[in-house]
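Contents: one structure, followed by commentary.
The values are calculated or read from the model by the stated rules, or taken from the named source; none is laboratory data. Because the structure is predicted, anything quoted here is derived from the model rather than measured. Every residue, glycine among them, receives a Cβ derived from its backbone with ideal geometry; neighbour counts consider all protein chains shown.
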Amino acid sequence: MRRIIAVWVTKFLILIGRLGGKGGSSTPGHFALKICPNILKFLSGQVRDGIIAVCGTNGKTTTNNLLCTMLRAEGKKVVCNSLGANMLEGVVTAFASSADLFGRLDADFACIEIDEISAVKVFDHFIPKSMIITNLFRDQLDRYGEIDITVDYLKRAVEKAKNITLILNADDPLVAAFGKKTGNPCVFFGVGEDVGISLNETKEGRFCSFCGEELSYRFYHYSQLGDYGCGSCGFSRPEVRFEATEVNISEGLSFNVDGRRIHADYRGFYNIYNILAAYSAASHAGAELKDLQSVLGGYKPQVGRMETFFIGKPVVFNLSKNPAGFNQAISSVSGDGRSKDVVVVINDNAQDGRDISWIWDVDFERLKDVKAKTFTASGIRHCDVMVRFKYAGLENTKDTGDVLKAIEDALKTDSEVLYVLVNYTALFSTQKILKRLEGDYKSGKGGRWE
């Protein structure tokens, strides 16, 4: 009876949250666990073909949702925490919301994004059949500390899961090392050629995980991702099962993998890794993926994943919450030949991390060569961003903590596109602003931006 009540409460709180304009993704799970502490163990045990966990610093939400979409296209019933609520309570919400009013779950698979620190707690409730690790970068210094702490949390989670199959990014030496350290069965994916986009940026994982020597690279793509090897102990990029070749990023993304050509009208080289990770996991789970092109063509990115609005001009909205993510967003901005404005919104709320010193590891200097009308610093820490702009040598800079004003002013210029780059707690509030402005424009109230 407690399980049924927990499911009812979850569904009721989700409804209340939606009526109040909130996602209702974590709080319902919190109360469900209070009512029935074993609710997640009970519901997850009803998944027929297995749970696929998705971990890693960047790309979890996109990878997880792509994987879910691929499996559903195969006719499978899938539980998914699609909004990205990836701590224990959010995972509980995903399962409880998918159950019927009697606490029964009809699901072939569960695709569950899990926060790296939370994985140890979540694995007390269920053990996934397989686990994707996308990449490992420095993120949220207040919470994670340096990257070796994140690696340790994931290692403990994998040890708890024992025989779980690991689906690993072979191009990230920190991720690939899990294959050698744990002894688990592994499936590797990666990009097998130099795409010519390497950046002069900090490589977080440039030292060998086994002997500590600095890795040498035949080529690299960004951060520490590439074709690496250790001259001291011999650790190197492993043999790859799902490898992208003949990569083209000039118009959307296209590449060969597993004997087929894949096309996706997405921005950002990093999305090749997201597609590869999802493809690898789906294939490993037995999916034939005959309608893959339709799946990729119909997939809509979640909030702030190169999301596009039209407010008199295209507005590209992207979540960039750490140096690696920001540098990839800057690559997208730099690669767009249109004249543009750029708004950067940085907050330092608890979920962002109070320490924003990481912005000094972001390669803002690359924006000096961008055809930009204005660069605007906004958000709670707009003054810090302005200082970073100054030391990056950017011109035509503006400064306002008011995000609405920053966006409206940028819309008034004669540029062809506006990029809005935000960190985590600015994500949903900025999206609401953009949705409202887009609605105003479509209803004929947007003349002041033309």
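See the values below:
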item: Qualifying residue in the range 390-412 (condition: under 16 Å from VAL316 (Cβ atoms) and of a type in the set (Ser, Thr, Tyr)); result: no
item: Matching entry among ILE330, ILE407 (being at pLDDT below 95, assigned to a helix (DSSP H, G or I) and not small (Gly, Ala, Ser)); result: ILE330
item: Any hit, the range 264-276, residues being at pLDDT below 95 and surrounded by fewer than 18 Cβ atoms within 10 Å (Cβ to Cβ); result: yes
item: Answer from LEU168, LEU101, LEU105 - the residue that is touching a helix residue (DSSP H, G or I) at 6+ places or on another chain (Cβ under 8 Å), within 25 Å of ILE275 (Cα to Cα) and not charged (D, E, K, R); result: LEU168
item: THR63 vs. criteria within 21 Å of LEU154 (Cβ to Cβ), of a type in the set (Val, Ile, Thr), in contact with a Phe, Trp or Tyr (Cβ under 7 Å, 6 or more places away or on another chain) and assigned by TED's automatic domain parsing to the domain that holds SER82; result: no
item: Residue match in the range 25-37 (condition: under 24 Å from the mean Cα position of the chain (by Cα), assigned to a loop (DSSP other than H, G, I, E, B) and modelled with pLDDT under 95); result: yes
item: Checking TYR220 against (1) part of a strand (DSSP E or B); (2) of a type outside the set (Asp, Glu); (3) out of contact with any Gly (no Cβ under 8 Å at 6 or more places or on another chain), the condition it does not meet; result: (3)
item: Among residues of the range 220-263, those that are among the β-branched types (Val, Ile, Thr) and surrounded by fewer than 16 Cβ atoms within 10 Å (Cβ to Cβ), counted; result: 1
item: Yes/no for ARG354 being touching a residue at least 40 places away in the same chain (Cβ under 8 Å), among the basic types (Lys, Arg) and surrounded by fewer than 16 Cβ atoms within 10 Å (Cβ to Cβ); result: yes
item: Residue among ASP355, ASP348, ASP341 that alone is out of contact with any helix residue (DSSP H, G or I) (no Cβ under 7 Å at 6 or more places or on another chain), among the charged types (D, E, K, R) and closer than 30 Å to ASP399 by Cα; result: ASP348
item: Residues that are β-branched (Val, Ile, Thr) and either surrounded by fewer than 19 Cβ atoms within 10 Å (Cβ to Cβ) or modelled with pLDDT under 95 (or both), drawn from the range 360-379; result: VAL362, VAL370
item: Which numbered condition CYS233 fails, given (1) closer than 27 Å to SER331 by Cβ; (2) without any contact (Cβ under 8 Å) to a residue 60 or more places away in the chain; result: (1)
item: Given (1) free of Cβ contacts under 8 Å to residues at least 40 places away in the same chain; (2) crowded, with 24+ Cβ neighbours inside 10 Å; (3) touching a Lys or Arg at 6+ places or on another chain (Cβ under 9 Å), index of the condition VAL54 fails; result: (1)
item: Complete set of residues in the range 169-184 that are outside any helix (DSSP H, G or I) and of a type in the set (Gly, Ala, Ser); result: ALA170, GLY183
item: Filter result (under 28 Å from GLN431 (Cβ atoms), small (Gly, Ala, Ser) and out of contact with any Asp or Glu (no Cβ under 6 Å at 6 or more places or on another chain)) within the range 282-321; result: SER294, GLY297, GLY298, GLY304, SER320
item: Flag for SER250 being among the polar types (S, T, N, Q), assigned to a loop (DSSP other than H, G, I, E, B) and under 30 Å from ASP336 (Cα atoms); result: yes
item: Test: residue in the range 373-386 that is polar (S, T, N, Q) and out of contact with any strand residue (DSSP E or B) (no Cβ under 6 Å at 6 or more places or on another chain); result: no
item: Near pairs, Cβ below 8 angstrom, 6+ apart or cross-chain, from the range 409-434 (of a type outside the set (A, V, I, L, M)) to any residue that is in a helix (DSSP H, G or I) and at pLDDT 95 or above; result: SER429/VAL403; THR430/VAL403; THR430/ILE407
item: Condition met for LEU394 (in contact (Cβ under 8 Å) with a residue 12 or more places away in the chain and either under 23 Å from ASN327 (Cα atoms) or outside the structural domain of ILE356 (by TED's automatic domain parsing) (or both)); result: yes
item: Residues satisfying the stated conditions in the range 299-327, i.e. in a loop (DSSP other than H, G, I, E, B) and within 12 Å of the chain's Cα centre (by Cα); result: PRO301, GLN302, VAL303, GLY304, ARG305, MET306, SER320, LYS321, ASN322
item: Residue that is surrounded by the most Cβ atoms within 10 Å (Cβ to Cβ), among those in the range 186-209 that are at pLDDT below 95 and either among the small types (Gly, Ala, Ser) or more than 21 Å from GLY268 (Cα to Cα) (or both); result: GLY205
